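Before any comments, here is the structure.
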């Protein structure tokens, strides 16, 4: 049958094992220093491992594959204990897979495996995985501020993570987005960063002077242009000379990409004022 299933870019995979830890269904293993899909039966195609991969080596493709088997997955994970079972069922529930969720509960009932269903409500964190690198999308919120503070504010941030080293270009929130690539200092210098720059854009942050791995950064930007098919790319930098490196990185990636994407340069003074705002 044709269905969604993960694919792994072995050239990008470093074998860190984070994805395998996050795949409670047991579809992924580290073999020969690389992540491998060891069983199509266990891969639900929902992509929990995508946000766990810091290298952007995992994506979802539609292809011929064995049907996903929830009962086989339950047989595999039941001996691992309640925490693993809960994480798996919560994963199904959060992705609206109600039929599979119920099938999992039926399996537990048939095999007299007790489960505290209230454990499905709290946020679960995986002991061997950094929750800070897990991909998330959410609605921007208005912050309730203490009356003693001078002003309230609204966060325009709609996803996580934002550091360019951690983001996965295959995350759904980047698809067709207007992307803001911001130097780390810009949000601290500019008081109106959220309403003036971030509003209605997806965010990546980086420091062209202090960050390492510029090659990885360029590769991710190419993926964002070609695979995520971002609509526009705005590069926000400070007026200091080293910040220009971020714009050059973006322009270099755009030249490598197969698609063309408009690039805007926004330059801030060290006091947070916009001193240049032009398409380049």
Mean-square fluctuation check for the chain, GNM, Cα pairs under 10 Å: which of 226, 44, 211 is largest? 211
Compute the Cα gyration tensor for the range 2-120, then decide on rounded, prolate or oblate, letting a ≥ b ≥ c be the square roots of its eigenvalues: rounded whenever a/c is under 1.5, prolate when a/b is larger than b/c in the other cases, and oblate in all that remain. prolate
Evaluate the range 135-279: find the radius of gyration of its Cα atoms, find its Kirkwood radius, and give the ratio Rg to Rh. 0.97
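Can you tell me the equivalent ellipsoid semi-axes for the range 207-262? Use √(5λ) from the Cα gyration tensor, largest first, whole Å. Don't skip to the answer; put the middle values down first.
Values: eigenvalues 81, 31, 13 Å².
After diagonalising the Cα gyration tensor, the semi-axes are 20, 13, 8 Å.
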Gaussian network model of the chain, springs between alpha carbon atoms under 10 Å - residue of 213, 33, 176 with greatest fluctuation: 213
Any chance you could get the radius of gyration and Dmax over the Cα atoms of the chain, in Å? 21.3, 67
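Read-outs: derived from the displayed coordinates by stated rules, not from any lab. Predicted model only: the values in this text are computed from it and were never measured.
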